Amino acid sequence: VDAQHGRMVGIEALARWNHPEQGFISPAKFIPIAEEGTLILELGEKILFQACHIGHQLNQSRQAAGLSSLLIHVNLSARHFASHTLLPTLEETLRITQMPPEQLAIEITETMLLESPRESIRRMQRIKQLGIHLALDDFGTGYSALNTLCQYPIDVVKLDRSFVLRLMEGKQGELLVRAIINMARDLGLDVIAEGVETQAQQQRLC
């Protein structure tokens, strides 16, 4: 949601499992299990396809109603990001779903980039060449987050929820968050603040 105007500008695809017998199963349980083998690749591809398919239909409906398109965010696991099938999968998914690439944002975390920085940059550049946006998730929780903003070709910074909570802890917390937001904007990056739940938090971000 745009903090200044209150308009919805994007949505994020999240994995949820409602088991017919066991009920709701937390992603904190089934994601680590999937990451132990190759299931995380299949799950990631499934989520990517569904997000693009539903997102394209949603944006078509919004455009027909005179509304702007939403940016559809999809998270990648470390194994999915490093997979040699990622780029062909992205191209095929966009082709089949007819999703405009500029309406898709791939979310990655800093820890995914640090293992092989040069290869990560090369892979990110190829993703951007497709017209897809890149978002850095959980910003501020990694060791070298500030350097990441300058080193990697990202478009969006997602401010971790822990920073949003600091907004209400006094002047120092507010100054810290404001400095991060201003720095990201000076670098030409969009900023998303995660975990904003009150009007007071929203007002302090504007």
field: Charge dipole magnitude, Cβ of K and R +1, D and E -1 - the chain, Cα centre, debye nearest 20
entry: 360 debye
query: Over the chain, what is the percentage of antiparallel beta bridges among all DSSP beta bridges, to the nearest 5?
result: 15 percent
- request: Step through the residues of the stretch 168-181 one at a time and calculate ³J(HN,Hα) from phi using the Karplus curve (6.51 cos²θ - 1.76 cosθ + 1.60, θ = phi - 60°), rounding each to whole Hz and writing x for Gly and Pro.
  value: 9, 9, x, 5, 4, x, 5, 5, 5, 5, 4, 5, 5, 4
task: Give me the net charge of Asp138's neighbourhood, meaning all other residues with Cβ under 10 Å from the Cβ of Asp138; Lys, Arg count +1, Asp, Glu -1.
output: -3
- prompt: FRET efficiency for Gln50 and Arg118, Cβ-Cβ distance as r, R0 = 41 Å, nearest 0.05?
  reply: 0.80
Net +/- balance of residues flanking Val74 in space, Cβ distance below 12 Å, scoring K and R +1, D and E -1: -3
query: In whole Hz, what ³J(HN,Hα) sequence does the stretch 28-40 give by Karplus (6.51, -1.76, 1.60; θ = phi - 60°), x for Gly and Pro?
result: 4, 9, 8, 5, x, 5, 5, 6, 5, x, 8, 4, 5
query: Given a 1.4 Å probe and the protein chains all in place, what does the accessible area of Val74 round to, in Å² to the nearest 10?
result: 0 Å²
- request: For His133, tell me the accessible area in Å² from a 1.4 Å probe, rounded to the nearest 10.
  value: 60 Å²
task: Could you check which residue among Gly188, Gly131, Gly140 shows the biggest mean-square fluctuation in a GNM of the chain with a 10 Å Cα cutoff?
output: Gly188
- request: Hey, can you grab everything whose amide H is under 5 Å from the amide H of His73? Only 5+ residues off in sequence or another chain; H modelled, so Pro and N-termini drop out.
  value: Ile11, Glu12, Ala13, Ala105
query: Hey, got the dipole for the stretch 1-108? About the Cα centre, +1 on K and R Cβ, -1 on D and E Cβ, debye to the nearest 20?
result: 260 debye
- line: For Lys29, counting only aspartates and glutamates whose alpha-carbon sits under 18 Å away and dropping same-chain residues fewer than eight positions off, the answer is Glu21, Glu42
Calculated FRET value between Lys128 and Thr38, using beta carbons and R₀ = 25 Å, to 0.05: 0.40
query: Sequence-distant or interchain residues sharing an amide H contact under 5 Å with Trp17, placed H: which?
result: Ile25
statement: Scalar couplings 3J(HN,Hα) for the stretch 72-87 by Karplus 6.51 cos²θ - 1.76 cosθ + 1.60 (θ = phi - 60°), nearest whole Hz, x for Gly and Pro, are 9, 9, 10, 7, 10, 7, 4, 5, 5, 5, 7, 5, 6, 8, 4, 5
message: How large is the Rg to Rh ratio of the stretch 133-206 when both quantities use alpha carbon positions and Rh follows Kirkwood?
response: 0.95
statement: Between the modelled labels at Leu176 and Ile11 (7 Å from Cα along Cα→Cβ) the distance in nm is 3.4 nm
- request: Consider just the alpha-carbon atoms of the chain and return their Rg together with their Dmax, both in angstrom.
  value: 17.7, 51
task: For the stretch 166-191 and the stretch 60-129, write down the distance between their C-alpha centroids in whole Å.
output: 26 Å
query: In terms of modelled amide H atoms, which long-range or inter-chain residues lie less than 5 Å from the amide H of Asp160?
result: Phe139
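The values are calculated or read from the model by the stated rules, or taken from the named source; none is laboratory data. It should be emphasised that the depicted structure is a prediction, and the values quoted were computed from it without experimental measurement. Because the Cβ atoms are built from the backbone with ideal geometry, glycine has one as well, and the counts that use them run over all protein chains shown. Note: accessible area is taken over every heavy atom of the protein model, side chains too, but ligands, DNA and RNA are not part of it. Shrake-Rupley method; radii C 1.70, N 1.55, O 1.52, S 1.80 Å.
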